[in-house]
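Engineer: One structure, pasted below without further comment.
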Amino acid sequence: MSRLQIIRADKMQQTMDLLYQDLAHRNAAAPEGNCPVEQTAALVGICLSQSCGKCVPCRVGLDQMVKLMNKILDGQGSMQDLDVLERTAHAVMDSADCAIGADAARSVLTSLDGAKQDFLAHVTTGKCLCEFKPVPCRRACPAHVDIPGYIALVKDGRYADSIRLIRKDNPFPSACALICEHPCENRCRRSIVDDAINIRGIKRVAVDAAGHVPAPACNAPTGKKVAIVGGGPSGLTAAYFLQLMGHAVTVYEQREQLGGMLRYGIPRYRLPEKYLKEDIDVILSTGVQVQTGVSIGKEITLEQLRRDFDAVYLAIGAHSFQSLGIDGQDAKGILSAVELLRAMGDGNAPDFTGKDIVVVGGGNVAMDVTRTAKRLGAHTVKCVYRRRQVDMTAQVEEVEGAIAEGCDIVPLMAPVRVEKDADGNVAALIVQPQIPGEYVRGRPAPVNANRPEERIPCDLIIGAIGQVIDSADFAAEGVPTKRAAILADQFCKIEDMDGVFAGGDCASGPLTAIRAIEAGKTAAGNIDEYLGFHSELPPPPEIPKASHQARKAMGRINMVERTPSDRSDDFDIMEIGMTEEEAHQECSRCLRCDHYGYGGFRGSREERWTRW
Amino acid sequence: MVRLTIDGKAVSVQNGSTILQAARSAGIKIPTLCYLKDVNEIGACRVCVVEVEGNENLCSACNTQAEEGMVVYTNSPKVRSARRINVELILSNHNTNCTSCVRNGNCTLQSLCRDLNITDIPFEVSYRKKNWDVTLPLIRDTEKCVKCMRCISFCEKVQGLGVWDVVGTGPRVRVSFRNVKSFADTNCALCGQCITHCPVGALHERDDTVRVMDAIADPNQIVIAQVAPAVRSAWGVDAGLSQHEATVGRMVTALKGLGFDYVFDTDFAADLTIMEEGSELLERLTHKDEYRWPMFTSCCPGWVRFVKHEFPDFLPNLSSAKSPQQMFGAVAKTYFAKQLGVDPSRITCVSIMPCVAKKYEADVPQVSDAGAGADVDIVLTTREMARMLRSSGIFLDELGETMFDEPLGLGTGAGVIFGTTGGVMEAALRSAHYLVTGENPHPDAFSAVRGMEGWKERTVQVGDVSLKVAVASGLGNARKLLSAIKAGTVQYDFVEIMACPGGCAGGGGQPITDGVELAAERGEVLRKLDSSAMIRFSHENPFVQKLYEEYLEKPLSHRSHELLHTDQSKWDI
């Protein structure tokens, strides 16, 4: 009789593992707009299938909760059922013997809280409030670019048409082809089969292959004038669409060049000048007037703009920075990320040769600064972050790229003070080691570890811990703000300021380029309506009809970068585009949700801008 | 052209054709259910799935493009199995009480099951129980709904209303009102096009046949029928007669056989409408500044509901003349009752209409003026009439011909074309010409307003007056036309609108032949009746003339106004 055995996965268990993998794939492609009650019931059903059946709350409680939710879904539920559901969920959460039951009940409570309206609608009207969103990528893209459409065009080799189609919703195809965070890929239905389509990669193919694609002709002049404050992605997006609609647009930009954070925030190795220039040139080719080097609120008042123009769009971005807020921050050799990247944008690159540099922060800006410092000749670059590396808000590729280029990530270290030398120069950053604690707002909050402070010697400290909106001049003229953010509603309107709109980073706080573009497009549509028009934009090109779906699992083509040793000391473009062969295969993976599934019935394509 | 192979047959079709079109052109039948040409090509039911060589998944023939070199199998083992299971799955969600279904014998799902030799359902059958106010003219039976989405698409894309929508997601998806809780809150015109485009019995009109048979059975009641023009173009389909056999005279005989005491013709009232509406047009033209322009016809209650719901600003533009149905009712319960020497309450006035909205119109309290309850008591659709005939045991094909009764049974060719798009306009212009010039035009002088275009505009000469007229059918077209008038991009003097595409011939109360639009063909039947009519001018209808002499005096007289005109803005909706 053997005493012990090695566990080998049997076929049944392997199959179970595969099914869980299927579930993970499905989660990755969870469609938007499904009924939360249905989803909660299904989730608890899965939890129930994992129950051992020993303890009452899990075995019976989960089952009863599923039954109650199904009753509600069938339009037979009462307010009393809702009450029983909630009390049961509390009891199960509080008393189940292990997490299998308790956490399922917590999910029910989360749902009852967050989706209360829908539960109530089911009970009181027998109807669900939800509406299935047919094309996940278009829904997820803040600008709602017709992604299946342009993928089909790229597949057919109609690159210029694909650019025209993208520009219908987003005038920054080139910039987005390189730096967009591609939220469109997050719920790509292809993830059910294998992985999301590499949408940004396909867009880059379109941009590179299409060359220069001129802007369409503008509508006849309407005689209306619109001022746009800020020449970043949001302001220029609004400018482009409003000018196409026939309005006369003037953009006021306080810096010497247009582009906003695309120029003054994003390093050139990620977004080379020629790509940015292409987008800006096309936008300006529509006849948009530009005044650079002018600060609204200083040289020209907002009041003046309101007098001279029929509408004003404030898109001033978030170009100030947060200081480190620690002792010794007055030392020489302390710099903000914003200052460094702004200098880079204007071509005034500092020389970091031989320097030891510490970057403080964990977001994408911290990574941009880290990798820029490396390229500027730094001897060492250490990125110091309070939390764990996995908690960094920077994209994983950015973090990995920085490490590959020889930068160090120093996680779980909180800056305490700056140590100065006799001349007042930075000598070191003193940090307190941290340990990840309980979750607060979805991330473990770091707390001081029971370990002594550490000293990180350095010549320069760059703070990348957040940008701030410089809205004081506008607030002084009566623009409502909250913690420096301009208060605009979801239509980009400012309450009690007729004809003044605001959007982008200055209203939302620092977000991504595509979110700024979303605001610019929203503002353009709503300013046009405000001016009394329902302007049409040039019709999009015709989209090739979908052929059969290739549903066999096939590898996603990922983007490749120049090798770290090759790229880490220059500012040339880092990313290598797809080959034609790769692009064609990647396009063929697209499931054409605009044609198959609900898209074939609802909402695959529209002539005019509509709410998605 | 694209060349492909379907079931071993070489087929060549236009670029952009679907596999379904390609197969049909080669005489290969692929069964469909949710498919509605150009309106609902959404691949929902998965009944039309076919196998395409080199493709692991089956694809829906209705919305997959035929491609060069494609090799398609429409009846392979894989196709047969999937198609069969899919139909069985549909049945598992469907109340298959076919024997007592209004669409028994004319149901696409039923014939599909027969064609696929489905004799058993391997699944548990369950469906959402129906919950509908059965007093409404339009009934939705969720127990029958197969979620083909045709009603949603037709209402939205063709009629431009969007009454219906998908509600919920996943297994509990159903079709219900868009964004509102109850029927009363919708913008439904009651055109009934969702009924005629439903493949099953999920949508139908309120059945009022029992009320009619009860009235006939009541010895105290004098039950009179009026038959709308478009009914005669289609009634045979559901009654089991060929177009050749389904003559007007046989229809009258059959209705008499059912027990109606008098069978009259709505064409008579159409002629009367022309007298009132034509005179009103001339009155408006002579006092141009006192009226809102253009003047709109008002005989279609679906259109009136549409204006009330969506363009109330245009209510003053509607002609105040009642529809032929309501003029008939008002005359029947006054003039005719007097002629018979009976109290009007003893008359039950039944109208047979190609229409669902007419059920609403007859029930509008403000429209009845004869002082004896409703002027029109009961409205039956063409389909209901056919169902009554089928249940009567009359051998329809052996019936002889009978003329409509007098005096309210004589209609002119101008009256009969009321049932097709452009017909009201043409009839009005014929008589307007006479009223202006004192001379009849050639009866076909205004043929330019004929044709099935959804929105046509013409300039016509009526004596010295040049009139800019427009004709639209289908509410989607009506919306475009009204929006253009509102925007000032078009200007007209007189506009005819009918809510159903092609006019009443394609009405929501007409017999259903799934997948075929018959408005044009049926309109032709009416055109032929007009061209062969003895009298082709409403003002020459001798009984209309007599009615004016004996009772109404003249068009737009005080009594005419009391009985034959209405203020649609006051109507309950």
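Engineer: List the lysines whose Cα sits under 17 Å from the Cα of A:LYS420, skipping any in the same chain fewer than 8 residues away.
Structural biologist: A:LYS332, A:LYS355
Engineer: Quick one: dipole size for chain A, taken about the Cα centre, charges +1 on Lys/Arg Cβ and -1 on Asp/Glu Cβ, in debye to the nearest 20.
Structural biologist: My answer is approximately 1500 debye.
Engineer: Moving on. Going out from 0 in 10 Å bins, what whole percent of all Cα-Cα distances in segment A:34-125 drops into each bin?
Structural biologist: 19, 56, 22, 2
Engineer: I would also like to ask the following. For segment B:2-92, taking Cα atoms only, what is the radius of gyration to one decimal and the Dmax to the nearest whole Å?
Structural biologist: 12.3, 39
Engineer: Amide H neighbours of A:MET245 under 5 Å, at least 5 residues apart or on other chains, H built in the peptide plane: list them.
Structural biologist: Placed amide hydrogens put A:ASN219 under 5 Å from A:MET245.
Engineer: Another question, if that's okay. What is the set of long-range amide H partners of B:CYS355 at a cut-off below 5 Å, with H atoms built 1.01 Å from backbone N?
Structural biologist: It is B:THR382, B:GLY509, by chain and number.
Engineer: Can you pull the Rg over Rh of chain A, Cα-only, Kirkwood?
Structural biologist: Rg/Rh for chain A comes to 1.00.
Engineer: Let me ask something else. Would you work out which of B:ASN541, B:ALA230, B:GLY371 lies farthest towards the positive end of the dipole of segment B:226-573? Charges go on Cβ: Lys and Arg +1, Asp and Glu -1.
Structural biologist: B:ALA230
Engineer: Looking at segment A:279-358, which GluC sites (Glu not before Pro) are in a loop (DSSP not H, G, I, E or B) and have at most 15 other Cβ atoms within 10 Å?
Structural biologist: A:GLU299
Engineer: Follow-up. Restricting to chain B, compute how many DSSP beta bridges are antiparallel as a %, nearest 5.
Structural biologist: About 55 percent, rounded to the nearest 5.
Engineer: As I understand it, the value is the acute angle between the Cα axis of helix B:423-437 and the longest principal axis of the Cα atoms of chain B; what does it come to in degrees, rounded to 10?
Structural biologist: 20
Engineer: On to the next question. Can you sort B:SER12, A:SER191 so the residue with the fewest Cβ neighbours within 10 Å comes first?
Structural biologist: Arranged by neighbour count, lowest to highest, B:SER12, A:SER191 become B:SER12, A:SER191.
Engineer: Once the Cα atoms of helix B:382-391 and of chain B are each reduced to a long axis, what angle between those two axes, in degrees from 0 to 90 to the nearest 10, is obtained?
Structural biologist: Between helix and principal axis, roughly 80 degrees.
Engineer: Oh, and also: Which whole-Hz ³J(HN,Hα) couplings does segment B:307-321 yield from phi under the Karplus relation 6.51 cos²θ - 1.76 cosθ + 1.60, θ = phi - 60°, glycine and proline marked x?
Structural biologist: Result, rounded to whole Hz: 5, 5, 6, 10, 9, x, 4, 8, 4, x, 7, 5, 4, 7, 5.
Engineer: Could the peptides A:202-208, A:97-103 be put in order, highest first, of the mean number of other beta-carbon atoms found within 10 Å of their residues?
Structural biologist: A:202-208, A:97-103
Engineer: So how far, in whole Å, is the C-alpha centre of segment B:19-50 from the one of segment A:530-553?
Structural biologist: Segment B:19-50 and segment A:530-553 have Cα centres spaced 24 Å from each other.
Engineer: Here's something else I'd like to know. Rounded to the nearest 500, what is the 222 nm mean residue ellipticity of the protein assembly as shown from helices alone, with -39500 (n - 2.57) per DSSP H run of 4+ residues and division by all residues?
Structural biologist: -10000 deg cm²/dmol
Engineer: Now for a different question. Give me the aspartates and glutamates in straight-line cross-link reach of A:LYS168: C-alpha distance below 15 Å, same-chain residues under 8 apart excluded.
Structural biologist: Within the straight-line cut-off, A:LYS168 pairs with A:ASP146, A:ASP279, A:GLU518, A:GLU536, A:GLU542, A:GLU606, A:GLU607.
Engineer: For the protein assembly as shown, what are Rg and Dmax over the alpha carbons, in angstrom?
Structural biologist: 36.8, 124
Engineer: What distance in nm lies between label points placed 7 Å from Cα along the C-beta direction at B:LEU116 and B:ALA184?
Structural biologist: My value for the distance between the label points is 4.2 nm.
Engineer: If you don't mind, another one. Using only Cα atoms, figure out Rg for segment B:138-243 and give it as a multiple of 2.2 N^0.38 Å.
Structural biologist: Here the answer is 1.35, to two decimals.
Engineer: Hand me the chymotrypsin sites (Phe, Trp or Tyr not before Pro) from segment A:208-266 located in a DSSP loop with no more than 14 other Cβ atoms within 10 Å, in residue order please.
Structural biologist: none
Engineer: Using amide H atoms built in the peptide plane, which far-off residues or other-chain residues are under 5 Å from A:LEU487 H to H?
Structural biologist: For A:LEU487, whose amide H was placed from the backbone, the distant partners under 5 Å are A:THR481, A:LYS482.
Engineer: Compute, for the protein assembly as shown, the length of the dipole vector about the Cα centre, with Cβ point charges of +1 (Lys, Arg) and -1 (Asp, Glu) only. Units Debye, rounded to 20.
Structural biologist: Here the protein assembly as shown has a charge dipole of around 2360 debye.
Engineer: I've got another one for you. Quick check on the exposure proxy: order B:TYR127, A:TYR313 from fewest to most C-beta atoms within 10 angstrom.
Structural biologist: Ordered from fewest to most neighbouring Cβ atoms within 10 Å, B:TYR127, A:TYR313 come out as B:TYR127, A:TYR313.
Engineer: Give, as a single signed number, the net charge of other residues whose beta carbon lies under 13 Å from the beta carbon of A:GLY293, with Lys and Arg counted +1 and Asp and Glu -1.
Structural biologist: Taking every Cβ under 13 Å from that of A:GLY293, the sum is -2.
Engineer: If I histogram all Cα-Cα distances within segment A:140-230 using bins 10 Å wide from 0, what percent of pairs lands in each bin?
Structural biologist: Binned Cα distances yield the sequence 15, 44, 26, 12, 3, 0.
Engineer: Still on this structure, please answer the following. I'm a student and want to see the number: the projected area of the Cα convex hull of segment A:170-289, averaged over all directions, in nm².
Structural biologist: 8.5
Engineer: Go ahead and run the numbers for FRET between A:ALA91 and A:ILE576, Cβ-Cβ distance against an R0 of 56 Å, rounding to 0.05.
Structural biologist: 0.45
Engineer: Using the basic label-point model (7 angstrom from Cα toward the beta carbon), what is the B:GLU290 to B:ARG390 distance in nanometres?
Structural biologist: Roughly 5.3 nm, to one decimal.
Engineer: Report the trypsin sites (Lys or Arg not before Pro) located in segment A:498-561 that are in a DSSP loop and have at most 10 other Cβ atoms inside 10 Å of their Cβ, or state none.
Structural biologist: Loop-located and lightly packed - A:LYS552.
Engineer: With 28 Å as the limit, write out which pairs from B:LYS157/B:LYS486; A:LYS155/B:LYS78; B:LYS157/B:LYS358; A:LYS133/B:LYS78; B:LYS256/B:LYS359 have Cα-Cα distances beyond it, or answer none.
Structural biologist: A:LYS155/B:LYS78; A:LYS133/B:LYS78
Engineer: Under Stokes-Einstein, with the Kirkwood radius over Cα pairs standing in for Rh, what whole-number D in µm²/s applies to segment A:369-440 at 20 °C and 1.002 mPa s?
Structural biologist: The diffusion coefficient I find is 157 µm²/s.
Engineer: Taking the radius of gyration and the Kirkwood hydrodynamic radius from Cα positions alone, what is the Rg/Rh ratio for segment B:226-573, to two decimal places?
Structural biologist: 0.94
Only the coordinates and a few stated rules stand behind these numbers; no lab work does. Just so it is clear, the model here is predicted, and its values are computed rather than measured. For neighbour counting, all protein chains shown are included, and Cβ atoms are generated from backbone atoms with ideal geometry for every residue, glycine included.
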